[in-house]
Structure formats: structure tokens, C-alpha cells
1. Y154: net charge of surrounding residues, Cβ under 15 Å, Lys/Arg +1, Asp/Glu -1, itself excluded?
2. Give me a comma-separated list of calculated 3J(HN,Hα) values for segment 106-118, in order, Karplus coefficients 6.51, -1.76, 1.60 applied at θ = phi - 60°, integers in Hz, x for any Gly or Pro.
3. What FRET efficiency do you get for I86 and L55 if R0 is 25 Å and r is their Cβ-Cβ distance, rounded to the nearest 0.05?
4. Around L111, under 11 Å between beta carbons, what's the net of Lys plus Arg minus Asp minus Glu among the other residues?
5. Under the definition of Cα pairs under 8 Å and six or more residues apart, what whole-number percent is the relative contact order of the chain?
6. Consider the candidate values (1) 30, 25, 23; (2) 46, 26, 17; (3) 48, 31, 18; state which one is semi-axes √(5λ) of the Cα gyration tensor in Å computed from the structure displayed.
7. How would R15, R228 line up from fewest to most surrounding beta-carbon atoms within 10 angstrom?
8. Enumerate the residues in segment 115-141 having an amide nitrogen under 13 Å from the point lying 7 Å beyond the Cα of K183 toward its Cβ.
Amino acid sequence: MSLISAALGLAVLARLDNIFYAFIFFIYGIFLLKTKSGFKQNIILKVSLTTPFILILGSYYIFNYLNYGHLMPIAVAIKSTFPQIICVNVLRLKFVGLLVLVNSIFSLFILFWKRKKYEKEYQLIIYSLSFSVILQSVYLILFIKPLFSSWSWYFVPGVINLAFALPLYLDLILKNTNQKVSKYLIVAIIILLTFGGIARNYKRYFFENRWAIHLAQSLKQRLPKNSRIFVYDLPGMFAWYSDLAILPQDGLINNFDYQKQIVELGINNYLKMKKINYVFWTLDDKNINKNINQIDITANLSMQKAGTLNLHKNKLIMIFNKTDRNEKYYSREGSDNWALWKL
């Protein structure tokens, strides 16, 4: 049990939203899991189940608090409004999120209805995954900001649960399904999903004409190696493919000091302090000919205003547009052009 507890702790460190599965597992372990050896052995079992997890996760949160003054990492703090409810709209989950949520609810009903037919181990998998997916979906609906609530990585446990739940649906359709066939089916689907995801990403990165990669490679060719750029979005991709120093406006890869300093100093003074010499931002077609484009900057964590960037036309170096055949740059469907200014 100690190994399982430690493994769950590491799983949560790898992806913090695995906490929902861990929570359901520990509810089961603390209240339902028992031995026949008496009260003392049950206490030892529950202590061995919870202690490694608490030590691993507790150390992480203590480290965060001592170093940054916050328990949660910046990415979680920016995306979530917990405990303040911001929305009650299930449609924010989009297709995949709704699919895994509906599957989890139906799986619980079917399994409870036909529980005598299935092994306890299988029931434990379905119950734990289904309840954790439902719990996570509720959290996404209530507390995650709309821009982030439908991102695909939130639904990985739900897709795995869907694979495990397929025998339930086969039983409803075919009445009686061989359990050995069901096990092979689950394994085959998980393997197909895994290799399908790998193949999709391989195709996406090596065969699709990705506009952001073209933009980053062009920045690398055109700008000095010591250039430091303040970017609107996609900092990881721009940094990787350009080999330039990138500062993202969302602050997701910075510590909490960024959020404080841009408000206290103002964005213009902050960029001077960090020796930022370029701004890479979206630009509407209607604003291309403006003498000055003004960009209001906000600290995303506190939503406090941090000042305004005044980007002058005579400092505009280039505009990236998907209709520019010579440059072969591409903008996201429905989004603005991208432009580069010298500060």
C-alpha cells in the first residue's frame, strides 16, 4: 500500500489534476478498505496508505510556499478561480469533455445495475475513474476560466475510463460477452489510443505546415542572437524554434514576482529592467496603418492593470500574414496577424 501511495503522490506531481483520482482512491482506502486482522492492523493499513502520499505532496506545497509565498504553481493559480465560482455551463467542456463525463455517469449506472456480473477489481477501476472524472468535470465547469476549460489534457483519465467502460456497453448490446474478450478489447483500445496519439503528433510536427514554427524560424534568421522578445502567446514554441530569449505576457512560465513587478513598476519600466528590445504581438487588419498601436497589459493572476505599451508605426519591423506568399507565414484560423516592433 505504501508503494501505491507513493506512486499516486508522484502521479499528482507529474500532473496536478490527478489529485481527483487520488482523492477518490483515498476515500475508498480510508473508509472502505479493511483487513480481517482487527482494529490495530486496520489503522496500520490506513497509515501506510496515506503517509507516503502526504509526505510527497506536503513537501511540494511547503517548498512552493517558502519560495513563492503560494501553495499552487503559477499556471494553476492563473487558470483557476477556486473557491470563487465563475460559471455553471457544462457546454464549456466541448465534445470530448462532454463525452467522457456522460460516459462516466452512464458507466456508474450500468455497473451498479449489473454489479454481480463483474469482478471486484473491474468494479473498483470503473468506480474510481468514473467518480474522479465527474469530480474533475465539476471543477472545470465551476472554477476554470473559459479559455482553459476544454483543453484536451484534462480529459486523459476520461478517455482511459471510456476504454475500460466499453465492455459494459458491449454487454448491453450483445447481452453476454466473454470476459476474456472484454479484457483483450480494453488492452487493444488503450494501445490503439496511445499509438494513435503518437502518430497524430508525429504527423503534426513533421508533416503539417505549422505557422508558429515558420514565425519562430524567421525570428531566428532576422534578429540578433541576443534579442529578448515580449510575446503575446505560444512562448514555448517561439523559444524552442528561435533560440531567442522569450518573455510571455501571461506569466505562465515565470514566478509570482512577475505578477507583482509589472503592476508595481509598470510594464514599460519592467521591460526596460529585463532588457526586452522587441514586442511580438497580434495586430488587427484595421490597425495596421495606425501611427500608434496601444496594448493594455494586465497581471493575469490579480487582474490588475500594469500599464499600456505604445507601439509606433516607425518601429514596426514586419507583419506576418497568412496571405503573404513570399514569406509563407500562417496565422491561426480566425486570429489576427502577428507583428514585430522594436522597443
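None of the figures in this text is laboratory data; all of them are computed from the coordinates on show. Here the structure is a predicted model, which is why all the values come from computation and not from measurement. Neighbour counts are summed over all protein chains in view; Cβ atoms, including those assigned to glycine, are modelled from backbone coordinates with ideal geometry.
1. Working: positive: R15, K79, R92, K94, K145; negative: D17.
Result for the neighbourhood of Y154: +4.
2. Result, rounded to whole Hz: 5, 4, 5, 5, 5, 5, 5, 5, 10, 4, 5, 7, 10.
3. On the way: r = 33 Å, r/R0 = 1.33.
Between I86 and L55 the formula returns 0.15.
4. Here the count lands on +3.
5. Working: 418 pairs, mean separation 43.5, N = 343.
So the answer I get is 13 percent.
6. Matching entry in (1) 30, 25, 23; (2) 46, 26, 17; (3) 48, 31, 18: (2).
7. Numbers: R15 12, R228 17.
Least crowded to most crowded, the residues run R15, R228.
8. 119-122
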